[in-house]
1. For the condition buried (at least 23 other Cβ atoms within 10 Å of the Cβ), within 16 Å of Glu182 (Cβ to Cβ) and of a type in the set (A, V, I, L, M, F, W, C), what is the one hit in Leu20, Leu65, Leu25, Leu50?
2. Under the condition of being at pLDDT 95 or above and hydrophobic (A, V, I, L, M, F, W, C), which residue from region 73-90 is surrounded by the fewest Cβ atoms within 10 Å (Cβ to Cβ)?
3. Of the conditions (1) surrounded by 19 or more Cβ atoms within 10 Å (Cβ to Cβ); (2) under 15 Å from Leu19 (Cα atoms); (3) in contact (Cβ under 8 Å) with a residue 60 or more places away in the chain; (4) not hydroxyl-bearing (Ser, Thr, Tyr), Arg94 satisfies every one except a single condition; which number is it?
4. Hey, can you tell me all the residues within region 97-139 that are surrounded by fewer than 11 Cβ atoms within 10 Å (Cβ to Cβ) and modelled with pLDDT of 85 or more?
Amino acid sequence: MFNIRFCRIREIGLSKDILLDIKGLTKEFKGFVAVSDVTLNVLKGTIHALIGPNGAGKTTLFNLLTNFLVPTSGDVFFKGEKITREKPAQIARRGIVRSFQISAVFPHMSVLENVRVALQQKQNVSFRFWSPEKSLYHLHSKALELLDSVDLSSFADELAVNLPYGRKRALELATTLALEPELMLLDEPTQGMGHEDVERVTQLIKKVSIGRTVLMVEHNMNVVSSIADRITVLQRGSVIADGNYKEVSNNPLVIEAYMGSSNQALVGAH
């Protein structure tokens with residue numbers, strides 16, 4: 001266990017607003033500590049990456065932030081307000097949207113219809129199935145605008161099931177944006193993609209992050225090094241490093257954590 005003081009975080013925090021503040025977050029499962037006393041903050045308007053070897057506690061931490069898991073101890077603050085015990089739906093209404101919460105693409109609906117469903121949810125008309133379709137036409141222009149933002153305009157009438165995997169992830173981004181998130185939580189956005197799709201989705205994340213804040217779990221170090229403003233490294237549920245890519249990639253604790261697994265990818269990323 002390492003007792004690390006993050007002076008750099010406090011210095012940066014003087015010049016930028018802290019949007020998400022995590023204090024001493026811990027989660028135990030019958031004696032196993034999955035997340036241990038995690039303290040970190042996410043600054044408004046940044047892309048913040050959460051990395052670490054398999055089993056480091058990254059996804060568990062995401063589940064704690066959205067209250068899909070209840071922490072054993074610690075607190076989470078969003079814009080200065082405690083949200084630790086709020087229900088997932090309440091947290092989403094605050095503007096914290098996790099990709100999988102709304103990224104269940106309807107395979108036999110068109111790309112445009114998928115985005116429109118997300119817009120209906122935002123406007124609280126999701127379950128008015130008896131309404132005539134023409135009553136939803138006013139959402140078309142916004143849906144098309146969102147599709148354009150993720151380079152899917154030409155796929156608007158295509159069934160989602162027919163989209164290549166990378167394009168489906170772009171559609172998930174569009175449905176996430178439809179909920180007008182202030183903080184986007186992206187869990188492995190490029191997982192399972194080929195090089196071309198990884199590059200496309202990476203650039204899309206960079207594009208849609210303008211004016212928003214992103215906290216992302218990502219294994220691909222080329223993605224992290226190219227778009228993350230700040231990186232927090234977890235090992236065995238604890239924070240072992242925090243800073244920009246150069247700082248964390250040269251940190252002896254980080255190199256040791258990745259040794260024998262993803263170390264080459266970490267150190268060798270540009």
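1. Answer to the selection: Leu65.
2. Among residues in region 73-90 that are at pLDDT 95 or above and hydrophobic (A, V, I, L, M, F, W, C), the one surrounded by the fewest Cβ atoms within 10 Å (Cβ to Cβ) is Phe77.
3. (1)
4. His108
The values are calculated or read from the model by the stated rules, or taken from the named source; none is laboratory data. The shown structure was predicted, so the numbers you read here are calculated from the model rather than taken from an experiment. When we count neighbours, we look across all protein chains shown, and the Cβ atoms used for this are built from the backbone with ideal geometry, even at glycine.
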